[in-house]
Structures are given as structure tokens and as C-alpha cells.
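Below: the structure, in C-alpha cells.
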Amino acid sequence: MTIASQTPRQALHGATTAAPPTAPRPPARRRTSLTRNRWGYAYVAPFFLLFAAFSLYPFLYTAWISLHKTSLSNIGGGTWVGLDNYRALLQSEFFWNAARNTLTIGILATVPQLCMALGLAHLLNYKIRNRTFFRTVMLMPYATSIAAATLVFAQLFGRDYGLINTLLEAVGLERIDWEAGTLSSQVAIAAIVTWRWTGYNALIYLAAMQSIPGELYEAAEIDGANRWKQFLHVTIPSLRPTILFTVVVSTIGAVQLFGEPLLFAGNGTTSGGSSGQYQTLGLLMYQQGWSNFHIGQAATTAWAMFMIILVIVGINAVISRLRTRAER
Amino acid sequence: MTIALPGTQTTSVQPVDRPVTRKGGKGTRAGKAGPVTYTLLTLTALVSIFPLYWTLVAGSHTNADIAATPPPFLPNASLFTNFKAALEQAPIGKAILNSVLVSGAITVGTVFFCTLAGFAFAKLAFKGRGLLLALVIGTMMVPTQLSVIPLFMMIADLQWVNQLQAVIFPTLVSAFGVFFMRQYLISSLPNELLEAGRVDGASTFRIFWSIVVPVARPAMAVLAMLTFLTAWNEFFWPLIALTNANPTVQVALAGLGSGYVPQQSVIMAGTLLGTLPVLIVFTILGKQIVGGIMQGAVKG
């Protein structure tokens, strides 16, 4: 996931409210050579050129490739097969297995992560000593790379010598072969994701909490609402746009999950466990393209992932629109 | 909207008689924290830090030591033996150098181009500006994995496979960065300053260099830190574009676990080596990075 920190919707909102930079000024003064300036194109050109070359063009070309049968060794060529790749994908049990795994790992990772982040942000919003220390330490996992985090967690979740199993045994429970089971391996992978992102999301929530006007809480207090009720009826509703934003971003991240399942077994295999029990869509795509050399199939999987993301973003947009309409 | 943009509703409705102490979060409405809060926060801090600490512990013992019950809980002197073994198994030294070069180049490029574009979007009026800005924001939605296959073909055509520029060029700009700089410059760069520069006869680029950049410096620093962290931790694309002959840290770490007889303590030592640089940076600049993320969240 990147450092993108705003939904397009909120961003556009910002664009419309803040766009005319010198709105209240008399028009005569605005028409200087600086504010009406063709140089603007030159200044934004590097962004658009680099983006077009390295993101937009490849993005569209992926769709083109997905309509061909082609391999890594035959990069330029390939035969036109129309929608065959998509048909094959929908009939492939590997695709459905990967889609199911992506969904369950996504839920296992996203739901607890965002709930915990919300709670943490609430705690961090109190007057606390050493608040810089707590905030910084909670962001440490975010600074740790996927590779490093996964290798450490794979060690912690190890069957024979892993610390977690040692602990389980110490309290009288059975050892778990984390990597072998479907649920256990998915829980372990979700734990890595949760560990890395909870603190980050908590800070996003905290930032939003700090811009809630204090009057709202005072009014709630006068009405006799206790802390918990204030949290439920003031904090959560005020944070709704931010929560929606983190849900969308985390889900997009979950759909693309790749590094954690790749490195979880420690040996970088693309099969996602002995029976594919934690093979995600991202991993499947990598396997199709770079292990099996079916570039056309990999492109099809990539586009399937994009469709899933579009559906999720669409659902979220609809929900938020319905909500705002209901409030009016 | 609770995510207030600079100069919009929430900041202006504060009654005059109440001290405005919410800035920075010190005097928020929330009361003092009780022991429960401290306990929960301390627990979270421990959970956040423990895996990193365990890397140090496990990386500084032998395999047999780690497997013992109870396991060791303090670092040991074998650390340097394991470091040596890790450096023999994977080119971690070279990888760190590569990562510094790659992340450094990406950071310099991103900060420069994004400040340039952010300035144009904030202060220069040109036809189609609104549409172009909407496009920038729309680009945030395109996931990397959608572009990877043609990107790989492209760098193969350019004979860039396994070369650092293959990792640098595709990440040289960021839509988030453009938007971030725009929001900052709208609120903190007075038009009078720009007009004064113009009256003095400065060219637009001269104005950018001598007036905009100094004003933008704090935001540039924040963007630089976030970009560096993200670039350092980038995994998917470097794994495809590079091999273990010329890896970044992440690629080298991925290769570390792939031996036939994985030696956990050596893997942990290598992981520690690859993570140390960013942890050091984080220890020094953590407060600013935290501030940057919170600022990014509010301002966009």
C-alpha cells in the first residue's frame, strides 16, 4: 500500500472548496501574469509524462494482453484469444480458491485491525504523558518492511520452535501447525498485516478525532451521556468519512496481498502452502506470470483484481451516498 | 465534513473566550488518562515492538538456543557470527547500498516533481487545471499490480532488467505527493509574495526556486520522509525487476529464506541488518514522521 491518504471523493471535495486561491480579491489584481500562466502545463508535465509512461500505458496494455495467449519468452507476440482467458479464469478452481482466500484473509486482517485502531486512537486522544513515545512506537511496525515482518512472524509461528507454540504449550495447550492448516495459516498471515497497519490507522483516526469540535462533547455531557455513549454517538459519527476512507484503502490493500503469503513459508514459493491454503490472488497472478510464464493468464487475473476493487469502491460510494441522503 | 481543509468550518467556530488548545492534541476535550489507558497503551507498545526485539534476540543466538524451552530473552554475542553468515548467504551489504541509492533517487525526484506540480495546481491558473487535478486524484486508484506485466516488458525492451533505474523510474512521481504539496501551498504561500517577485522581474521558475521552495520546505521534508520509507519498503515491483545479483534490501531478504536448510538465526540476523537502517532513521525522525502522517490525514 502506498502513502495515499485521502479518498478521491474527499479530495475532490477539498478541490472544490479550496480551488480559487484568491477568491475574495478584486479581479483586477488577480490578472497578473503569474496567476494566468501557461507555464502551469510545464510544471505539471513531469508528473503526467511519468505517470502516463509507467502507470497508465501499462495499465491499459494489461487489458490488451489479457485478450491474448502469450508467454514471458514471447513477450511482443501472442495470439488473439478474445475472452478465452477470462472464461478459463472463471472455470479455474485455482482462481476461486485464491479469491476465497483473499476474501477470508482480508476480513481476518481488516476488521480487527480497524476496530483496534479506533480504540487505540481513542486512548491516544486522552491527555497522556509520553504521548510522542506511544505514537512513535505504535508506528514502528509501519516502518518495518513486509519482507522483514513476514520473516519474523514466520519464525514466531514456526511449528517446532516457534515462540507462539512454546507459549501455547507453556499454558497447557496443544501446539498448532500454523502453516499447514487453512484457518491457522490465514490467521497468522492476517496477524502480520494487522501488526503492520494498526498503528498507522490509529494515527489517521487520531488526526480526525482532534478536529472534532469540543462543543459536541460538551453538549453530549450536558445531555448526560457518559464516555462510552459519547464515543458511540459523537466520535464514531464524526469519524464516518475517515472510517470509510480507511475501509476502502485497507480493502484495496487486502485484495493485492502478496508479500506476506509469498514469504510466509520462508522459501518464497508461489503456491501459497502445500494445498494452496493461503494462495491469494496476487500470489496466483505472480505464479501464472513468473513461474508458469502464462502472461496472458496473469494479466487476466490482474484485471479480475481490479474489477473486484472497483466493485468494493462502488459499494462504499453507494453506502456513503445512502447515508448522507438518510441524514438530510 | 470532519476532515477539515485549511480555512474551512471547524477552526473558525471556536468561541473567543475559550482557550484554543486543541492544536497538537494536548488539551483535547478528552479527560486525563487513567491506569487502564496506560496499561492498554503499554501493552500495545510492547506488541508493536516485540517482533523487532525478537529479531535481535533470535538473530543473536544459535538455532539450538532459540529452540530451547524456555527460549532466550536477551541478545547474545553470537550476533556477529550470524551477521557474517547472513552476509555470506545474501548480498545484504550491496542491497543496503542499492536501497539507499534507489530510495534516495525516488525521494529527490518525487519531492521535486510534486512540489513543482503542487505549486502549479495551487497558484498558477491555466486552462483545464481542475480536470487535470481530478485526473491526478483519480490515478491514486490504479494499483501497481495492474501495470506490472507491461512494465516488465518495457524494461526488458530497454534492457533494464536487474538495473536500478528499472525500480527508480516507475516510482518517480506520486499523486499523493502532488495533492499534499498543493494543499500545503494553497494555505501557506501568500499570493502577495509571488506578485512581489513578479514585480521585481523574476521569471516563473526563479519565483519557484527562490520563493516557493523556501516556503514549501516543511511540507517537502514530510513528503521526503514518507516517500523514503515507502520506497525502502517497496517489495512487489523490485522483486520482479531485480534479482539477487543486484537486489534492494527487500529482494535480498526475500532470497534469504529460500535456502534448502533455512537457518532461522541467520535469517533473523539478516532481517535485522536489512531493517536496522530504517529503524535508525525512524528513531531519529519518528516524531516528524508521526506528525507527517497525521498532517497528511487531515490535509489530504
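The values are calculated or read from the model by the stated rules, or taken from the named source; none is laboratory data. Everything numeric in this text was worked out from a predicted model, so none of it was measured. Positions of Cβ are backbone-derived with ideal geometry, glycine not excepted, and every protein chain shown enters the neighbour counts. Just the protein is used for accessible areas: all its heavy atoms, side chains included, with ligands, DNA and RNA removed. Shrake-Rupley method; radii C 1.70, N 1.55, O 1.52, S 1.80 Å.
Largest GNM mean-square fluctuation across A:N292, A:N226, A:N125, computed for chain A with C-alpha springs under 10 Å, falls on A:N226. In the Gaussian network model of chain A, springs joining C-alpha atoms below 10 Å, which of A:G296, A:G106, A:G259 carries the largest mean-square fluctuation? Maximum among the listed residues: A:G259. Each 5 Å bin, from zero up to the one with the longest distance, holds this percent of the alpha carbon pairs of region A:93-158: 3, 13, 12, 19, 20, 14, 9, 5, 2, 1, 0. Legend: mean number of C-beta atoms from other chains within 10 angstrom of residue C-beta atoms, peptide A:118-130, equals 5. In this label model, B:L46 and B:I284 are separated by 3.2 nm, measuring between points 7 Å along each Cα→Cβ vector.
Hydrodynamic estimate: the Kirkwood radius of region A:180-295 over Cα pairs, inserted into Stokes-Einstein at 4 °C and 1.567 mPa s, corresponds to D of 76 µm²/s.
What per residue convex hull volume, in Å³, do the alpha-carbon atoms of the protein assembly as shown yield?
Spread over its residues, the Cα hull of the protein assembly as shown gives 175 Å³ apiece.
Of the DSSP H helices in chain B, those that are both long (alpha-carbon extent of 24 Å or more along the helix axis) and hydrophobic (Kyte-Doolittle mean at least 1.0) are B:35-59, B:92-123, B:213-233, B:264-299. Rounded to the nearest 0.05, the FRET efficiency derived from the C-beta distance between A:L90 and A:V318 at R0 = 22 Å is 0.35. Take each residue in B:118-130, count the other chain C-beta atoms within 10 Å of its C-beta, and the mean is 6. Can you give the percent of C-alpha pairs in chain A whose distance is more than 36 Å? I get 36 percent for the Cα pairs in chain A exceeding 36 Å. Here is what passes the span test in chain A: the DSSP H helices with alpha carbon length of 20 Å or more along the helix axis and a Kyte-Doolittle mean of 0.0 or above are A:93-124, A:182-209, A:236-255, A:295-327. Among the aspartates and glutamates, select those whose C-alpha is under 17 Å from the C-alpha of A:K69, and discard any that sit fewer than 8 residues away in the same chain. Cα-Cα hits under 17 Å: A:D84. From its DSSP helices (H runs of at least four residues, each -39,500 (n - 2.57)), chain A gives a residue-normalised ellipticity at 222 nm of -21000 deg cm²/dmol. Computed over chain B, the per-residue total of -39500 (n - 2.57) for DSSP H runs of n ≥ 4 gives a 222 nm mean residue ellipticity of -21500 deg cm²/dmol, rounded to 500. Here is the tail figure for region B:53-189: Cα pairs spaced more than 17 Å apart come to 73 percent of all pairs. Placing a label point 7 Å from the Cα of A:L173 along the Cα-to-Cβ line, the residues of region A:90-133 whose backbone N sits under 20 Å from it are A:105, A:108-113, A:116. Here is the list for region A:275-328: chymotrypsin sites (Phe, Trp or Tyr not before Pro) lying in DSSP coil, each with at most 16 other C-beta atoms within 10 angstrom of its C-beta, are A:F293. In chain B, the alpha-carbon atoms span a convex hull of 196 Å³ per residue.
For region A:165-226, GluC sites (Glu not before Pro) meeting the loop criterion (DSSP other than H, G, I, E, B) and having at most 13 other Cβ atoms within 10 Å: A:E174.
In whole angstrom, note down how far apart the Cα centers of region A:271-305 and region B:151-168 are. Here the two parts' Cα centres lie 22 Å apart. Per-peptide packing, taken as the mean over residues of other Cβ atoms within 10 Å, places A:89-102, B:239-252, B:160-173 in the sequence B:239-252, B:160-173, A:89-102 from highest down. With no solvent and one point per C-alpha, what does the Debye sum give as log10 I(q)/I(0) for region B:104-248 at q = 0.11, 0.21 Å⁻¹? For region B:104-248, the Cα-only Debye profile gives -0.50, -1.24.
Diffusion coefficient of region B:172-300 by Stokes-Einstein, Kirkwood radius over Cα pairs, 37 °C, 0.692 mPa s: 185 µm²/s. Here the Gaussian network model covers chain A, with springs between Cα atoms less than 10 Å apart; of A:T242, A:T144, A:T62, A:T144 fluctuates the most. Think of a 1.4 Å ball rolled over the protein heavy atoms: region B:182-300 then has 37 Å² of accessible area per residue. If the viscosity is 0.692 mPa s and the temperature 37 °C, what Stokes-Einstein diffusion coefficient in µm²/s follows for region B:43-134 when Rh is the Kirkwood radius over Cα pairs? The estimated diffusion coefficient comes to 184 µm²/s.
Just subtract the alpha-carbon distance of B:N244 and B:Q163 from 0.36 nm times their residue separation and send over the number in nm, one decimal.
Between B:N244 and B:Q163, full extension yields an extra 28.0 nm.
Remark: mean inter-chain Cβ contacts per residue of B:284-290 equal 5, using a 10 Å Cβ-Cβ cutoff to other protein chain atoms.
The orientation-averaged projection of the convex hull spanning the C-alpha atoms of region A:45-122 amounts to 9.2 square nanometres.
So for region A:117-219, considering every pair of alpha-carbon atoms, how many percent are separated by more than 24 Å? Roughly 43 percent, once rounded to a whole number.
Can you list which of the trypsin sites (Lys or Arg not before Pro) found in region A:123-214 are DSSP loop residues with at most 11 other C-beta atoms within 10 Å?
Here the sparse-neighbourhood loop sites are A:R129.
The count of lysine pairs in chain B that are at least 8 places apart or cross chains, and whose C-alpha atoms lie under 16 Å apart, stands at 4. What the Cα convex hull of region A:156-207 gives, in volume per residue, is 88 Å³.
Calculated on the Cα set of region A:252-328, radius of gyration then Dmax: 16.6, 55 Å. For a paramagnetic label modelled on B:N63 (point 7 Å from Cα along Cα→Cβ), amide N atoms under 18 Å away belong, within region B:224-255, to B:255.
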